[in-house]
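See structure below.
The values are calculated or read from the model by the stated rules, or taken from the named source; none is laboratory data. Keep in mind that this is a model prediction, so the values were computed, not measured. Cβ coordinates were reconstructed from backbone atoms using ideal geometry, including for glycine residues, and neighbour counts include every protein chain displayed. Just the protein is used for accessible areas: all its heavy atoms, side chains included, with ligands, DNA and RNA removed. Shrake-Rupley method; radii C 1.70, N 1.55, O 1.52, S 1.80 Å.
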Amino acid sequence: MVKMFDDGRAPSSSEDVYVVVDMHQAAHQGQGDEGTEEYAITVAASLVKKYLDRGLQVGLIVSSDPILSFLPGRGEEHYSRMMEALALVHASGDIPIDHIITSRMKPIISDSTVVVVSPATTPLLADAVRQLRIREVLVSVVLLDPASFGGITSSSNLARQLRWLGIPVYIARKGEELFKVLDRRTTPSPIGSI
C-alpha cells in the first residue's frame, strides 16, 4: 500500500529534490533517540527544510508501512504535511530501500536530485543508486553507520562502492552532530553539500 500526497502542482524538473528515507525494519539498529530510525527521520526533516528554504520543490518517499510518498512541492502547508508524516513514521517497512528506489523512482526525470537516507549496508543499494545515475539523476547518499548503533555490519564497504561510482556519500555515526555530517562528504559532489 502506498499513501500518495499531491498538492496538485506540476513539478519543475530543474528544481525537484526527492528525499528518500529507508524505514525497512530489518535495516535499523538501536532504539529511541539513539537509534538509526530517529537519526534517519532527523536527517530527512533537516534536508526537507533546507531545500524548501532554498526555494526548491521537495518530494519525500518513506519506505515505512504503508509507504509514504509526497510529490515535489513548495510552501508551508507542504512542509507541514511532510513533517507531520515524518513525526508519525516508524521503521516498520518490509520492503528494502533498493526495491523502493528501483520501483518507485522510475518517473523521476533527469536533472532531478535524489538524496537517500539509509542504514542499509547491502550492495543492492549501490546498484539501485547507480541506475538513477545512469538516467542522469543527481544522487547523494547519507549512510547511517549501523555498527556505531550496535549493529554487526558497518557501512564502510557500501560507502566505498558508492564512492567508486562517483556518488557523494555522507556517513553519520551515533553521537555525531548531524549538521556537521551533512556538511562533510567523502566524495566530491556536483550539487555541493546536501
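For the reader, a short list of remarks on this structure follows.
- DSSP-defined beta bridges in the chain - what % are antiparallel, rounded to 5: 15
- Mean projection of the Cα convex hull over all viewing directions, computed for the chain: 9.4 nm².
- Secondary-structure-derived ellipticity at 222 nm for the chain, considering helices only, amounts to -10000 deg cm²/dmol, per-run term -39500 (n - 2.57) for DSSP H runs with n ≥ 4.
- In terms of the mean number of neighbouring beta-carbon atoms within 10 Å, the peptides 135-144, 91-100 order highest first as 135-144, 91-100.
- Where segment 12-142 is the region considered: accessible area per residue in Å², 1.4 Å probe: 41
- Relative contact order (percent, whole number), the chain, Cα cutoff 8 Å, 6+ residue spacing: 22
- FRET E, pair Arg133, Asp183, Förster distance 22 Å, beta-carbon r, rounded to 0.05: 0.45
- Sulfur and carbon atoms: percent of accessible area, the chain [1.4 Å]: 52
- Helices of the chain meeting both criteria, an alpha-carbon length of 15 angstrom or more along the long axis and an average Kyte-Doolittle score not below -0.5, with helices taken as full DSSP H segments, are 36-53, 76-88, 123-134.
- Among Leu165, Ser110, Ser154 the positive-end extreme of the charge dipole of the chain (Cβ point charges): Leu165
- Debye log10 I(q)/I(0) at q = 0.10, 0.16, 0.18 Å⁻¹ for segment 34-134, Cα point scatterers: -0.27, -0.71, -0.91
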